[in-house]
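None of the figures in this text is laboratory data; all of them are computed from the coordinates on show. Here the structure is a predicted model, which is why all the values come from computation and not from measurement. Neighbour counts are summed over all protein chains in view; Cβ atoms, including those assigned to glycine, are modelled from backbone coordinates with ideal geometry.
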Amino acid sequence: AETATNFMPEHKDLVSLRRAAESCRACSLHQSATQTVFGEGPRDARIVLVGEQPGDREDLQGHPFVGPAGELLDEAFQLVGIQRSEVYITNVVKHFKFTETTTSRGKRRLHQKPDSREIFACRPWLEAELSAIRPNVVVCLGATAAQALCGRDFRITKDRGKILPTEWCTQTIASWHPAAILRMPDRLRRKQMHEQWLSDLTLAMDTAG
Ligand code: URA
Ligand code: SF4
């Protein structure tokens with residue numbers, strides 16, 4: 001199967017990678033999405049945050065985590081004392097995947113989970129970002145990121161909040177995806193997930209130095 005490797009630039013610095021990813025056609029997701037949403041942040045970031053894939057707002061604006069999940073992330077940065085500008089924020093999959101539904105209120109684009117082919121096709125971009133940055137800590141937000149970097153058997157419910165070595169970073173930690181916290185219907189459970197999330201982000205920040 002085709003992967004993003006076929007679209008890699010010769011020099012794998014972040015600027016060249018971002019430019020090359022704009023014309024990636026390694027899977028079909030580029031066909032219906034507006035644009036590639038590449039990672040953003042300093043090339044010497046000590047922390048890299050990895051989400052799943054851009055959502056509706058990210059697709060339209062071209063930046064990662066600028067929708068509702070990004071707002072929760074911004075609030076978390078404030079609470080744990082990290083500047084958004086000091087972390088590198090990216091996703092496992094760089095194009096928005098959705099189904100279009102028509103309701104009485106008009107057309108809506110509903111997020112769809114990327115499948116294993118798309119994750120496999122896109123993962124070279126993430127690997128290249130991590131190789132270019134070599135952060136002290138990688139934080140996986142949600143199961144897609146955690147399974148892409150820590151293996152298919154990784155379970156957020158069981159393994160979140162642990163610092164584990166992976167091929168890409170000796171200190172990799174996974175926690176809840178902010179969208180999963182926002183979607184949780186049970187108020188007490190949501191509060192518990194949010195507290196765990198903040199404590200995992202604090203641990204990541206302390207570990208990164
Ligand atoms: N959810 C993600 O996983 N990534 C984004 O960039 C936005 C929402
Ligand atoms: Fe390439 Fe990833 Fe977009 Fe697929 S989702 S076309 S692999 S950048």
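Of note:
- Using θ = phi - 60° and Karplus 6.51 cos²θ - 1.76 cosθ + 1.60, couplings along the range 173-184 (whole Hz; Gly, Pro as x): 9, 10, 8, 5, 7, x, 5, 5, 5, 4, 7, 4
- Whether the range 100-193 is rounded, prolate or oblate, judged on the alpha carbon gyration tensor where a/c under 1.5 counts as rounded: oblate
- Axial C-alpha extent at least 24 Å, average Kyte-Doolittle at least 1.0 - helices from the chain (DSSP): none
- Between residue 107 and residue 79, the contour length at 0.36 nm per residue exceeds the alpha carbon distance by 6.5 nm.
- Across the range 46-157, the convex hull enclosing all Cα atoms gives 131 Å³ per residue.
- The range 34-73: equivalent-ellipsoid semi-axes (sqrt of 5 x gyration tensor eigenvalues, Cα, Å): 18, 12, 8
- Working from Cα pairs under 8 Å separated by at least six residues, relative contact order for the chain is 22 percent.
- Rg/Rh (Cα only; Kirkwood hydrodynamic radius) as it applies to the range 1-44: 0.98
- At most 11 other Cβ within 10 Å, DSSP loop - trypsin sites (Lys or Arg not before Pro), the range 55-105: 105
- In the range 59-106, the convex hull through the Cα atoms has an average projected area of 4.8 nm², a quarter of its surface area.
- For the chain, the fraction of alpha-carbon pairs in successive 5 Å shells from zero, as %: 1, 7, 16, 20, 21, 17, 10, 5, 2, 0, 0
- Taking all Cα-Cα distances within the range 81-129, those exceeding 15 Å account for 62%.
- Take every Cα pair under 8 Å whose residues are at least 6 apart in sequence, average their separation, divide by the length of the range 17-100, and the relative contact order is 41 percent.
- The range 1-107 pair-distance distribution - Cα-Cα, 10 Å bins, rounded %: 14, 41, 31, 13, 2
- Debye, to nearest 20: dipole size of the chain, +1 on Lys, Arg Cβ, -1 on Asp, Glu Cβ: 620
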